[in-house]
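J.: I have a structure I would like to understand better, so I am pasting it below and will then ask my questions one at a time.
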Amino acid sequence: MPIYEYACSECNHQLEKLQKMADAPLVDCPACGRPALKKRVSAAGFQLKGTGWYATDFKPKSGKSEN
């Protein structure tokens, strides 16, 4: 399940919530009680770096050795 970030546009309270993708977005701020929460755009919790699985697992066979 992804972790979503929210920020209140009224009191600037910020929170993270573990939710299913099918769950409705949160609306009510737990700090001020107003329906002012907005979902924030944030970076993913992981990054794919380096040669990656594609280059090592699914690369077409060229007949040459990489070593």
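J.: Can you report the number of residues in region 22-44 which are assigned to a loop (DSSP other than H, G, I, E, B), under 11 Å from Asn12 (Cα atoms) and open to solvent by 70 Å² or more (accessible area, probe 1.4 Å)?
T.: So the count comes out to 0.
J.: Out of Glu5, Glu10, Glu16, I need the residue that is at pLDDT 80 or above, in a strand (DSSP E or B) and either more than 15 Å from the chain's Cα centre (by Cα) or surrounded by fewer than 13 Cβ atoms within 10 Å (Cβ to Cβ) (or both). Which one?
T.: Glu16
J.: Is it the case that some residue within region 42-65 is within 17 Å of the chain's Cα centre (by Cα), at pLDDT 95 or above and of a type outside the set (Gly, Ala, Ser)?
T.: Looking for residues that are within 17 Å of the chain's Cα centre (by Cα), at pLDDT 95 or above and of a type outside the set (Gly, Ala, Ser), one finds none in region 42-65, hence no.
The values are calculated or read from the model by the stated rules, or taken from the named source; none is laboratory data. Model, not experiment: these values are computed from the prediction. All Cβ positions, glycine included, derive from the backbone under ideal geometry; neighbour counts span all protein chains shown. Ligands, DNA and RNA are excluded from the accessible area calculation, which covers all protein heavy atoms including side chains. Shrake-Rupley method; radii C 1.70, N 1.55, O 1.52, S 1.80 Å.
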